[in-house]
Amino acid sequence: MAKNNDELMKKFKMWGVVKETGVDDEGLSTFYNDYFKYPLYKDEGLVLYNDFFGKRKIALTTYNPFKLYRGYKDMHKRLNEKGLDGNMTGEGMIQGGLIIFDKEGNVRYAYEEIIGDELVIDDIVAALEDVSKDEK
């Protein structure tokens, strides 16, 4: 998120939920130490995940092996450009997302991850701004 959003981010508490531990603890540690220095909680039984995103799994949008390979190459290129190595350890087929709650705990915005796609930061910032305006 850009520096000009720092003031907006200070209005919100942030925490993460992970689906598993003991599978790729090194990757989880790297994620926490290098990219996400907020509290992390384990979602025992995927209760939170299932309530918000259901038991979605990656669905192939094509069976064309050339398109699949091209999509993988494009994703790998974006990861390299950002200095991320994206390992292949763990489940990997369960998609996650991002949820924004208001002060009363009501869901105001949910973004469902699309593996390989970048986050739509402008939409997330707009949702944060909307919630922030309504909280005044």
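So here's what we get for this one:
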read-out: Every residue from region 102-136 that is in a helix (DSSP H, G or I) and within 22 Å of Leu48 (Cα to Cα); value: Ile124, Ala127, Leu128, Val131
read-out: Members of region 1-31 that are in contact (Cβ under 8 Å) with a residue 12 or more places away in the chain and among the aromatic types (Phe, Trp, Tyr); value: Phe12, Trp15
read-out: Test: residue in region 104-121 that is within 17 Å of Lys11 (Cα to Cα), surrounded by 12 or more Cβ atoms within 10 Å (Cβ to Cβ) and at pLDDT 80 or above; value: yes
read-out: Top-ranked residue in region 65-83 [being surrounded by 10 or more Cβ atoms within 10 Å (Cβ to Cβ) and not charged (D, E, K, R); ranked as farthest from Ile114 (Cα to Cα)]; value: Asn80
read-out: Lone unmet requirement of (1) over 29 Å from Glu7 (Cα atoms); (2) at pLDDT below 75; (3) assigned to a helix (DSSP H, G or I) for Asn87; value: (3)
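Yes/no per residue for (1) within 23 Å of Asp102 (Cβ to Cβ); (2) assigned to a loop (DSSP other than H, G, I, E, B); (3) at pLDDT below 85:
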site	(1), (2), (3)
Met1	yes, yes, yes
Leu8	yes, no, yes
Glu20	no, yes, yes
Glu26	no, no, no
Lys37	no, yes, yes
Leu46	no, no, yes
Asp51	yes, no, yes
Thr61	no, yes, yes
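The values are calculated or read from the model by the stated rules, or taken from the named source; none is laboratory data. Just so you know, these numbers come straight off a predicted model, no measurement behind them. As a convention, Cβ positions derive from the backbone with ideal geometry for all residues, glycine included, and neighbour counts pool all protein chains shown.
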